[in-house]
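Take a look at the structure set out below.
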Amino acid sequence: MKRIFLTLFLTAFAIAGNAQPPAGDAKPGDWYGEKVTTDGAITIKDAVAKLNGGTETVDGKIKARITEVCPKKGCWLKLELENGETAMVKMKDYGFFLPVAAVGKTVVIDGEVKIKTTSVAELKHYAEDAKKSKEEIAAITQPQKEVRVMAKGIVIID
């Protein structure tokens, strides 16, 4: 009986260790995490303007287009900013993930937006998740200031 439980436990652990992004097409109306409505959403551009104007954090709903989703588990994503820059989005308490099919979709995210300095180790971790080359990862040598969003919920709008 102990062998059966041990085998089941190890199997479950192995499956969890090979986590994949959730399947799905990320269609308009699909939501992830806490249920989100579009009411009162501001653009990511407006949120960044508030941060650059001296506001420490912007708490609420933002609207933006997804440029990248973590291909490993769907555990982070990037949003399009101006001038080719991106904002990093992480899910609160690692509580939900997005399918890779969400790339290119416009979303409303309920969460907290702030500017954060990201360490070299964390930047390299994200590059590994994104399956960047060893050369690209090795080229990361400086911490980076970036717009960071801690998402409680996300809804696909188009």
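Rule-based calculations on the coordinates, nothing more; no lab input. Since we're looking at a predicted model, the values are computed, not measured. Here the Cβ positions follow ideal geometry from the backbone for every residue, glycine too, while neighbour counts run over all protein chains shown.
Of the residues contained in segment 123-132, one or more are found to be buried (at least 16 other Cβ atoms within 10 Å of the Cβ), free of Cβ contacts under 8 Å to residues at least 24 places away in the same chain, among the basic types (Lys, Arg) and farther than 25 Å from residue 37 by Cβ. Residue 32 fulfils the conditions (1) touching a Leu at 6+ places or on another chain (Cβ under 8 Å); (2) of a type outside the set (A, V, I, L, M); (3) within 15 Å of residue 81 (Cα to Cα) except for a single criterion, (3).
Is it the case that some residue within segment 104-116 is without any contact (Cβ under 8 Å) to a residue 60 or more places away in the chain and among the charged types (D, E, K, R)? Steps first, answer last, please.
Within segment 104-116, the first condition is being without any contact (Cβ under 8 Å) to a residue 60 or more places away in the chain, and the residues that meet it are 104, 106-107, 111-112, 116.
Going one step further and asking which of them are among the charged types (D, E, K, R), we end up with 112, 116.
Checking segment 104-116: at least one residue is without any contact (Cβ under 8 Å) to a residue 60 or more places away in the chain and among the charged types (D, E, K, R).
Taken over segment 54-73, the criterion of being surrounded by fewer than 20 Cβ atoms within 10 Å (Cβ to Cβ) and among the β-branched types (Val, Ile, Thr) is satisfied by 55, 57, 67. Taking segment 108-121 as the range and being hydrophobic (A, V, I, L, M, F, W, C) and under 16 Å from residue 58 (Cβ atoms) as the test, the residues that pass are 108, 109, 113, 115.
Residue by residue through segment 135-149, note down the ones that are free of Cβ contacts under 8 Å to residues at least 12 places away in the same chain and assigned to a loop (DSSP other than H, G, I, E, B).
139
Every residue in segment 94-134 that is in a helix (DSSP H, G or I) and either touching a strand residue (DSSP E or B) at 6+ places or on another chain (Cβ under 9 Å) or farther than 21 Å from residue 22 by Cα (or both), please.
Taking segment 94-134 as the starting set, the residues that turn out to be in a helix (DSSP H, G or I) are 94, 100-102, 120-129, 134.
Within segment 94-134, 100, 101, 102, 120, 121, 122, 123, 124, 126, 129, 134 meet the criteria.
Please work out if residue 22 is of a type outside the set (S, T, N, Q) and more than 18 Å from residue 152 (Cβ to Cβ). Spelling it out, it is not the case that residue 22 is of a type outside the set (S, T, N, Q) and more than 18 Å from residue 152 (Cβ to Cβ).
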